[in-house]
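Following: one structure in C-alpha cells, then a few remarks.
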C-alpha cells in the first residue's frame, strides 16, 4: 500500500519538478524538496494544527494520498514574503 502511494506521489510530483525520470537512487533527493505539515510545524515551532491553517490559507500545496506536501521553494517564498524587517526606516 505504501509503495503504491509513494509511486503515485512521485508521478504527481514529476510534472511539478519537470523531471523526465525519477530514478530509485534519486528518490531521497526528490523527497527532500517537499515538506509535510509536521515539518513546517517543527520549523516554525508551532502546532501541526496551526501549520495546517497557515499552509491551507497562505501557500500553494499538493495533496497526495490525503497528505499535504509543500515544496521547499514555496515555503521559502512564503517566509520571504512575510519576513519583518528589524528596522523598516532604513
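How much of the calculated P(r) for the stretch 33-82 lies past 12 Å, in percent of all Cα pairs? Intermediate values should be presented prior to the final figure.
Values: 721 of 1225 pairs.
Roughly 59 percent, once rounded to a whole number.
In nm, what is the difference between 0.36 nm times the number of residues separating residue 33 and residue 47 and their Cα-Cα distance?
2.9 nm
Report the FRET efficiency, 1/(1 + (r/R0)^6), for residue 5 and residue 80, where r is their Cβ-Cβ distance and R0 is 35 Å, rounded to 0.05.
Calculated value: 0.65.
No value in this document is a laboratory result; all are computed from the given coordinates. Note that this is a predicted model, so its numbers are computed, not measured. Every residue, glycine among them, receives a Cβ derived from its backbone with ideal geometry; neighbour counts consider all protein chains shown.
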